[in-house]
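The values are calculated or read from the model by the stated rules, or taken from the named source; none is laboratory data. None of the values given here were measured: they were computed from a predicted structure. FYI the Cβ positions are ideal-geometry reconstructions off the backbone, even for glycines, and counts take in every protein chain you see.
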Amino acid sequence: GNESDLKLTPSSFLRIGQLSNVDLNEDIHELETEVPRQRPNEIPHNEKLLSLKYESLDYDNSENQLFLEEERRINHAAFRTVEIKRWVICAMIGILTGLVACFIDIVVENLAGLKYRLVKDNIDKFTAKGGLSFSLLLWATLNASVVMVGSLIVAFIEPVAAGSGIPQIKCYLNGVKIPHVVRLKTLVIKVCGVILSVVGGLAVGKEGPMIHSGSVIAAGISQGRSTSLKRDFKIFEYFRRDTEKRDFVSAGAAAGVSAAFGAPVGGVLFSLEEGASFWNQFLTWRIFFASMISTFTLNSVLSVYHGNAWDLSSPGLINFGRFDSEKMEYTIQEIPIFIFMGVVGGILGALFNALNYWLTMFRIRYIHRPCLQVVEAMLVAAVTATVGFVMIYCSRDCQPLQGSSVAYPLQLFCADGEYNSMATAFFNTPEKSVVNLFHDPPGSYNPMTLGMFTVMYFFLACWTYGLTVSAGVFIPSLLIGAAWGRLFGISLSYLTKSSIWADPGKYALMGAAAQLGGIVRMTLSLTVIMMEATGNVTYGFPIMLVLMTAKIVGDYFVEGLYDMHIQLQSVPFLHWEAPVTSHSLTAREVMSTPVTCLRRIERVGTVVDILSDTSSNHNGFPVVESNPDTTQVAGLRGLILRSQLIVLLKHKVFVERTNLSLVQRRLKLKDFRDAYPRFPPIQSIHVSQDERECMIDLSEFMNPSPYTVPQEASLPRVFKLFRALGLRHLVVVDNRNEVVGMVTRKDLARYRLGKEGLEELSLAQT
Amino acid sequence: MRTARPCRPARPRAPRSGGTSSLQGHPARPRAPRSGGTSSLQGHPLCRDTLLPARTNGALWTPAGLRELAEELWSAGLPGDLPDLEPECRSLLAAFAEGSAALTGCLARRARPVRLCQGCHGHYRRLLAQYDSIARAVGNSSESHNCAKSILTSDRLHIVVTLSEFFNETWEAANCANCLKNNSEGLSNSTEEFLDLFNKSLTCFEHNLQGQGIDLSPNNYTEVCKNCNETYMKLNDLYNHLQRLNRQGGESAHSAHLCIDVEDAMNITRKLWSRTFNCSLPCSDTVPVIAVSSFILFLPIVFYLSSFLHSKQKKRILILPKRIQSNANLVNIQEKYS
């Protein structure tokens, strides 16, 4: 035991070429026995951690010889074909995203209609005869069982499909590789999960997940193959790398926003705000194209479905309806009122986030087993139905049925010919409730109903977000905001004793904007999304003010919901700028050292050992001059990635074999692309004992011009390089060009501005 | 001035032989240089070139012109009475006027309780026909086209069009087509059935109320509730049935409504039934509802408590970073969480 223990101390296996033949299995065994001794290092989950699970994406092209050769071969005309292919892919992304949105919309509409009719008939029946508790049970059971299916598929098949997917896409566009996030399986689970959770009556929307769905579609189409289905269409092979894929994913996210809200410009701005750090005009234009195609596809298909084929009246999954009537106009005097609403939205949003923070922390710590997660989702669904039922049961707010367009009017204890007004809010899909709150004529809800609804829905939505179901937070936020906004409008017209400018619908819209802004803290894109969804440009100004106020007020307390969840997931997320007080730190303090380096001509056995070392999952290895005489680290020659090494090992590109002419052909860039993005693990590659003694020549495959910084570079400078160039590895060298350290994403992301100045996060295995 | 006549090709020549209509194409019409006149004038090349300037420069309004107009009116024997219109057109217009008056009267009289569709569909249909005969060619084609033009579009107000639009919109809003037969002659069978039942229940209400006497306390309507329950339920069911049929038939929001007569009748009955008579007293079973809901609301508490107590808290294994000066930091962090 002692000998192996010695081997596992961090410093020893980092010395190059020093590792003897360690059997992999033995290694793992040793690690297991080591666990008890590491007890002091075990801590409960908290927000100040960075998970080792997440890797970086390779946005920086490895400019090795193969790459350069291929780029030189491509002539001008071929580049034009590539450009045309990009446009074709964007069009396809738009069309498919639109179609997926249509599918979700139509299925949800029908299934929810079926459910509500069933429950309504039941309630109607039991209102006369007595025994309403059975209706309650029916409703709760229906909800719980539908949500159970939705939660089961998410928890057991693809956990990454949980939630709205916006944090995950934000991370992906930031450059973090979230496992499984853009797989076909995720898309399928996401779509089914969304349908089931909306039909299950949870306080969720289907808009957020559209963004994730659009991104998966984009990532899938641009690769021209599906690894899950094992189908390779042999098209778009040029785009099989992270850089290109990221561009398409940002187009997909934009197309998703556009299909969800009918807001193509908002979609483009969403990608801009959340995503790409490099931005070029052509890419923006293509993304806009994809967005437009997406909303148009959705619009035309839904129009055909609704029977007015040439009408084009449903541009998004949610339509806020038309806000162009005269009473919906606002005057200058109202602007301070809107700003006040922004303040309220910010405070309520912060409260929402704070509550959700504690809940999420509890869930991560205690409810981590999939079956518990499913049970929790079912309970939330049952409670949601119960709360809705009790509210409807207790409400005495009856409105005349005539002249109203309620989809499922529940009479309950109202007089014949009247319906329960609380039921329009609870007994409906959230999207419809939002639109009702915006557009129902004044007097459709009494203040008591709205107040109770706001409070209940606030807690339900807060409780629901973070469950293991795929569902978004946009619509619940809008709904909460619309409810208190409408309440605000009503009380305003009571106070002023005049109804000149107090149409409650207008205030409902502003409240919705304030609440959503207070929760998600998006700025530019959200303003444009709301503006486009209302279809009224003059609302741009008040919406912008409301969102700004909500963000400022909310940021004073806690950060936005998405950022919070990214942090709780321990994702190494790089913000736009380095923390402001980090100038005192230099690359020397930030970097990891010592670095596992490879020699330009390296022994195969060494490479295999380094790659299969489970305690260090390094992905990039500086290549140094092979100088067998000295044990010292020699000058930096290049950088090679784990994925490249694996492909080399798999194809057995060894010096000896080349000399013996055993290799049929030279390795080409295509071989690397074919393995992308799921490179096989090192364990699946068999290297025989004889082959371990062979040598491998890396000079052709390594990136000969990696980015380097001297040790004295400051953290903000390093950060800027990373963020602007999308780097994955940055080598720190001394003045003799010898490798002294390596800066990766996690080294930078661990510095964060906390409450008491600069904080350092610790790395953890999750 | 008669020399101008050949220049007005759009005007019919035939009626001019008749004494009364000799004013038809008279150039001195005050309207002539404006919209209607100019367009027809421009149709003729000669007029555009030679005569138009002479007219527009105010020659019409000279005292001589006015005197001539008055003379001509006098000679036609129709002082001030529709100098513009042929007799056929005038009779059409008169018919439309009468028809619309009748329909208006009918609508207003039947506004409360609403009986629009039952009572006025005949009027409405007639008015439609009258409008049609104005608008479309009936008999001599060229003539009636002329009629349509001069009645419907020759002035700014378009009063006939406005009126007929108003009636159409009202009819649409009332959704009367829904309770009429397809050829809109008479009420449809289901509507007849409904109204029958409606009358029956009203009679039933009346009957039972009379039996009780007027001086009974207003709360005591148990007789009505008991005796008329069957009829009322039938009526209610029929109404719901009709509504469901209607929803399935049409997609657009407008056809979701039944016709106003049926809706209003049902509304009155329902108000009587549940507000005035207070008959629909749903059994409120509050106790079981409270029991079931508190049971369901109690479940999450149990769930969270038990998972807090029994589930093993997820621990994270800290990884020692390999850094030059990170030892101090690491110690801090470890201290914090131990």
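As an exercise: evaluate A:LYS551 against (1) within 14 Å of chain B (Cβ to nearest Cβ); (2) among the basic types (Lys, Arg); (3) within 23 Å of the chain's Cα centre (by Cα) and give the number of the one condition it does not meet.
Of the numbered conditions (1) within 14 Å of chain B (Cβ to nearest Cβ); (2) among the basic types (Lys, Arg); (3) within 23 Å of the chain's Cα centre (by Cα), the odd one out for A:LYS551 is (1).
How many residues does the stretch A:413-425 hold that are more than 41 Å from the chain's Cα centre (by Cα) and crowded, with 24+ Cβ neighbours inside 10 Å?
As a first pass, look at the stretch A:413-425 and keep what is more than 41 Å from the chain's Cα centre (by Cα): A:413-418.
Filter once more, so that each one left must be crowded, with 24+ Cβ neighbours inside 10 Å: A:414.
Of the residues in the stretch A:413-425, 1 are more than 41 Å from the chain's Cα centre (by Cα) and crowded, with 24+ Cβ neighbours inside 10 Å.
Does the stretch A:58-65 include one or more residues that are under 30 Å from A:ALA764 (Cα atoms), charged (D, E, K, R) and part of a strand (DSSP E or B)? Please lay out each step first, then the result.
Going through the stretch A:58-65, the residues under 30 Å from A:ALA764 (Cα atoms) turn out to be A:58-62.
Imposing the further condition that a residue be charged (D, E, K, R) reduces the set to A:58, A:60.
Pick out the ones that are also part of a strand (DSSP E or B) and you get none.
No.
What number of residues in the stretch A:517-529 are aliphatic (A, V, I, L, M) and under 16 Å from A:ILE339 (Cβ atoms)?
Total satisfying the criteria: 0.
If A:GLY388 satisfies every condition in (1) small (Gly, Ala, Ser); (2) more than 8 Å from chain B (Cβ to nearest Cβ); (3) closer than 22 Å to B:ASN240 by Cβ but one, which is the exception?
(3)
Considering each of A:ALA144, A:ALA91 in turn, give the residue that is of a type outside the set (D, E, K, R), assigned to a helix (DSSP H, G or I) and crowded, with 20+ Cβ neighbours inside 10 Å. Talk me through it step by step, then tell me what you get.
Values: A:ALA91 fails: crowded, with 20+ Cβ neighbours inside 10 Å.
Answer to the selection: A:ALA144.
In the list B:LEU163, B:LEU157, which residue meets the criterion of being in contact with a Ser or Thr (Cβ under 6 Å, 6 or more places away or on another chain), at pLDDT 80 or above and under 22 Å from B:ALA101 (Cα atoms)? I'd like the intermediate steps shown before the answer.
Values: B:LEU157 fails: in contact with a Ser or Thr (Cβ under 6 Å, 6 or more places away or on another chain).
When all the criteria are applied, what remains is B:LEU163.
Output the residues belonging to the stretch A:44-91 that are of a type outside the set (Lys, Arg) and within 14 Å of chain B (Cβ to nearest Cβ).
Kept after step one, since they are of a type outside the set (Lys, Arg), are these residues of the stretch A:44-91: A:44-47, A:49-52, A:54-71, A:74-79, A:81-84, A:87-91.
Correct list: A:PRO44, A:HIS45, A:ASN46, A:GLU47, A:LEU49, A:LEU50, A:SER51, A:LEU52, A:TYR54.
Looking only at the stretch A:717-766, count every residue that is among the polar types (S, T, N, Q) and within 14 Å of chain B (Cβ to nearest Cβ) and tell me the total.
So the count comes out to 4.
From A:ILE646, A:ILE640, which residue is in contact (Cβ under 8 Å) with a residue 60 or more places away in the chain, within 16 Å of A:GLU602 (Cα to Cα) and among the aliphatic types (A, V, I, L, M)? Break it down stepwise before answering.
Numbers: A:ILE646 fails: in contact (Cβ under 8 Å) with a residue 60 or more places away in the chain.
Checking each option against the conditions leaves just A:ILE640.
Consider A:VAL528 carefully, then state whether it is buried (at least 18 other Cβ atoms within 10 Å of the Cβ), within 21 Å of the chain's Cα centre (by Cα) and part of a helix (DSSP H, G or I).
Details: buried (at least 18 other Cβ atoms within 10 Å of the Cβ): yes; within 21 Å of the chain's Cα centre (by Cα): yes; part of a helix (DSSP H, G or I): yes.
Here the answer is yes, as A:VAL528 does meet what is asked.
Can you name the residue in the stretch A:321-366 that is touching a residue at least 24 places away in the same chain (Cβ under 8 Å), assigned to a loop (DSSP other than H, G, I, E, B) and surrounded by fewer than 14 Cβ atoms within 10 Å (Cβ to Cβ) and is also nearest to the other protein chains (Cβ to nearest Cβ) among such residues?
So the residue we want is A:ARG322.
Quick one: how many residues across the stretch A:300-320 are in a helix (DSSP H, G or I) and touching a Leu at 6+ places or on another chain (Cβ under 6 Å)?
Going residue by residue through the stretch A:300-320, those that are in a helix (DSSP H, G or I) are A:300-305.
Filter again for touching a Leu at 6+ places or on another chain (Cβ under 6 Å), leaving A:303.
Within the stretch A:300-320, residues that are in a helix (DSSP H, G or I) and touching a Leu at 6+ places or on another chain (Cβ under 6 Å) number 1.
Let me confirm something: among B:CYS279, B:CYS283, which residue is modelled with pLDDT under 75, within 21 Å of A:CYS398 (Cα to Cα) and loosely packed, with under 14 Cβ neighbours inside 10 Å? Quick ask: steps written out before the conclusion?
Numbers: B:CYS279 fails: loosely packed, with under 14 Cβ neighbours inside 10 Å.
Being modelled with pLDDT under 75, within 21 Å of A:CYS398 (Cα to Cα) and loosely packed, with under 14 Cβ neighbours inside 10 Å holds for just one of B:CYS279, B:CYS283, which is B:CYS283.
Testing A:ASP440 on (1) in contact with a strand residue (DSSP E or B) (Cβ under 7 Å, 6 or more places away or on another chain); (2) in contact (Cβ under 8 Å) with a residue 24 or more places away in the chain; (3) not aromatic (Phe, Trp, Tyr), one condition comes back false. Which one is that?
(1)
Out of all the residues in the stretch A:141-163, which are aliphatic (A, V, I, L, M) and in contact with a Gly (Cβ under 9 Å, 6 or more places away or on another chain)?
In the first step, residues of the stretch A:141-163 are kept if they are aliphatic (A, V, I, L, M); the result is A:142, A:144, A:146-149, A:152-155, A:157, A:160-162.
Once the filter is applied, which keeps residues that are aliphatic (A, V, I, L, M) and in contact with a Gly (Cβ under 9 Å, 6 or more places away or on another chain), the stretch A:141-163 yields A:LEU142, A:ALA144, A:VAL146, A:VAL147, A:MET148, A:VAL149, A:ILE153, A:VAL154, A:ALA161, A:ALA162.
Just the residues that are more than 12 Å from the chain's Cα centre (by Cα), crowded, with 23+ Cβ neighbours inside 10 Å and not aliphatic (A, V, I, L, M), please, taken from the stretch A:191-214.
Of everything in the stretch A:191-214, those that are more than 12 Å from the chain's Cα centre (by Cα), crowded, with 23+ Cβ neighbours inside 10 Å and not aliphatic (A, V, I, L, M) turn out to be A:GLY193, A:SER197, A:GLY200, A:GLY201, A:GLY205, A:LYS206, A:GLU207.
Can you tell me which residue is surrounded by the most Cβ atoms within 10 Å (Cβ to Cβ) among those in the stretch A:533-589 that are over 20 Å from A:GLU273 (Cα atoms) and small (Gly, Ala, Ser)?
Residue satisfying both the conditions and the ranking: A:SER570.
Looking only at the stretch A:154-164, count how many residues are surrounded by fewer than 21 Cβ atoms within 10 Å (Cβ to Cβ) and either assigned to a helix (DSSP H, G or I) or at pLDDT 95 or above (or both). Steps first, please.
The initial filter retains those residues of the stretch A:154-164 that are surrounded by fewer than 21 Cβ atoms within 10 Å (Cβ to Cβ), namely A:156-160.
If we keep only those that are either assigned to a helix (DSSP H, G or I) or at pLDDT 95 or above (or both) as well, we get A:156-157, A:159-160.
Going through the stretch A:154-164 one residue at a time, the tally reaches 4.
Just the residues that are of a type in the set (Phe, Trp, Tyr), in a helix (DSSP H, G or I) and over 24 Å from the mean Cα position of the chain (by Cα), please, taken from the stretch A:426-481.
First, pick out the residues of the stretch A:426-481 that are of a type in the set (Phe, Trp, Tyr): A:426-427, A:438, A:445, A:453, A:457-459, A:463, A:465, A:474.
From the residues that got through so far, the ones that are in a helix (DSSP H, G or I) too are A:426, A:438, A:453, A:457-459, A:463, A:474.
Result: A:PHE426, A:PHE438, A:PHE453, A:TYR457.
Scan A:VAL709, A:VAL718, A:VAL732, A:VAL739 and give me the residue that is touching a Gly at 6+ places or on another chain (Cβ under 8 Å) and of a type in the set (A, V, I, L, M). Don't jump to the end; show me each part of the working.
Details: A:VAL709 fails: touching a Gly at 6+ places or on another chain (Cβ under 8 Å); A:VAL718 fails: touching a Gly at 6+ places or on another chain (Cβ under 8 Å); A:VAL739 fails: touching a Gly at 6+ places or on another chain (Cβ under 8 Å).
None of the other options fit; the residue is A:VAL732.
So in the stretch B:86-137, with the set limited to residues that are touching a helix residue (DSSP H, G or I) at 6+ places or on another chain (Cβ under 8 Å) and small (Gly, Ala, Ser), which one is farthest from B:ALA173 (Cα to Cα)?
B:ALA137
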